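Some notes on the structure that comes next.
The values are calculated or read from the model by the stated rules, or taken from the named source; none is laboratory data. These numbers were taken from a predicted model, which means no experiment stands behind them. Every residue, glycine among them, receives a Cβ derived from its backbone with ideal geometry; neighbour counts consider all protein chains shown.
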Amino acid sequence: MATNNEKLAVLIDADNAQASVIQELLAEVSRYGTATIKRAYGDWTTQNLRSWKDELHKMAIQPIQQFSYTSGKNATDSALIIDAMDILHAGSVDGFCLVSSDSDFTRLATRIREAGLTVYGFGERKTPEPFVAACDKFVYTEILRDEPAEAQQEVAADLGNLQHLMRAAIDANARDDGWAALGGIGSHIGKILPAFDPRNYGFKKLSELVRSLAYVEVKDVPVTRPDGTTMTNVLVRLKRVAR
């Protein structure tokens, strides 16, 4: 995954993204790198994108005008894809943030990854699975804003699938004594499920999520750094069945 000094191109499909969450979305982008390019694509002559106009100025996002030449054809998608390929070949960024809930960008995400760059996807939970899977990481924009408790519980409904992934990740990263480092577990699950995020289950951190699971044990191991300061390594293992 990207480090904070990596340059990222944030390309927004304004027709299929919400202006109301853009501030939180850019804050999320800053966790992965620096947004050196920020562009939003759409037909800005229409009333449909009125909610975006104030946000564009406030967040220093460049609007890219794309007229809808033919009814039923999405010219915005084509303009974004062409720009993305130009940026890719220019070699000016280390990764892309594609903001859309549209599956039309699935092939674009795959092509960028084939070139060795990281792709972060951002979209609503309705985003088709192929686009989610085509990204290195996918963030559902609903988790970027405060939601009612019942909405969070809807997200946490897939606990059975989480248990399957968690068990597989622990097994894959476990030492001989059964303990696995939390970082390795998170990376393993993320490679299988790009949309994996502890916030989907109502927790801010992965460490908080694993501590809530009844089928695992968690222990904190203090480690002394070369400079004399200490840090805590979180280790996880599956609970042993009593015989």
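Hey, among ASP77, ASP94, which residue is within 22 Å of GLN18 (Cα to Cα) and acidic (Asp, Glu)?
Selected residue: ASP77, the only one of ASP77, ASP94 that is within 22 Å of GLN18 (Cα to Cα) and acidic (Asp, Glu).
Restricting to the stretch 162-176, give me the number of residues that are without any contact (Cβ under 8 Å) to a residue 24 or more places away in the chain and outside any helix (DSSP H, G or I).
Residues that pass the stated criteria total 2.
Check LEU117 against each of (1) touching a Gly at 6+ places or on another chain (Cβ under 6 Å); (2) at pLDDT 95 or above; (3) closer than 30 Å to GLU208 by Cβ and name the one condition it does not meet.
Exception for LEU117: condition (3).
Looking at the structure I just gave you, is SER101 out of contact with any Pro (no Cβ under 7 Å at 6 or more places or on another chain), surrounded by 13 or more Cβ atoms within 10 Å (Cβ to Cβ), in contact (Cβ under 8 Å) with a residue 40 or more places away in the chain and not assigned by TED's automatic domain parsing to the domain that holds LYS205?
On the way: out of contact with any Pro (no Cβ under 7 Å at 6 or more places or on another chain): yes; surrounded by 13 or more Cβ atoms within 10 Å (Cβ to Cβ): yes; in contact (Cβ under 8 Å) with a residue 40 or more places away in the chain: yes; not assigned by TED's automatic domain parsing to the domain that holds LYS205: yes.
Answer is yes for this residue.
Of these, LYS205, LYS239, LYS219, LYS191, which one is of a type outside the set (Asp, Glu) and in contact with a Leu (Cβ under 6 Å, 6 or more places away or on another chain)?
Values: LYS205 fails: in contact with a Leu (Cβ under 6 Å, 6 or more places away or on another chain); LYS239 fails: in contact with a Leu (Cβ under 6 Å, 6 or more places away or on another chain); LYS191 fails: in contact with a Leu (Cβ under 6 Å, 6 or more places away or on another chain).
Of LYS205, LYS239, LYS219, LYS191, the one residue that is of a type outside the set (Asp, Glu) and in contact with a Leu (Cβ under 6 Å, 6 or more places away or on another chain) is LYS219.
Does ARG243 meet the test of being at pLDDT below 90 and in a loop (DSSP other than H, G, I, E, B)?
Here the answer is yes, as ARG243 does meet what is asked.
Are any residues in the stretch 107-125 aliphatic (A, V, I, L, M) and buried (at least 16 other Cβ atoms within 10 Å of the Cβ), and if so, which ones?
If the condition is that a residue be aliphatic (A, V, I, L, M) and buried (at least 16 other Cβ atoms within 10 Å of the Cβ), then LEU108, ALA109, ILE112, LEU117, VAL119 are the ones that fit.
Using beta carbons and a limit of 8 Å, which pairs, at least six apart or on different chains, have the first residue in the stretch 131-149 and assigned to a loop (DSSP other than H, G, I, E, B) and at pLDDT 95 or above and the second one hydroxyl-bearing (Ser, Thr, Tyr) and buried (at least 20 other Cβ atoms within 10 Å of the Cβ)?
CYS135/TYR120; ASP136/THR118; ASP136/TYR120
Within the stretch 66-74, identify whether any single residue is closer than 23 Å to LEU144 by Cβ and either in the same structural domain as ASP136 (by TED's automatic domain parsing) or modelled with pLDDT under 95 (or both), and answer yes or no.
At the first step, the residues of the stretch 66-74 found to be closer than 23 Å to LEU144 by Cβ are none.
Looking for residues that are closer than 23 Å to LEU144 by Cβ and either in the same structural domain as ASP136 (by TED's automatic domain parsing) or modelled with pLDDT under 95 (or both), one finds none in the stretch 66-74, hence no.
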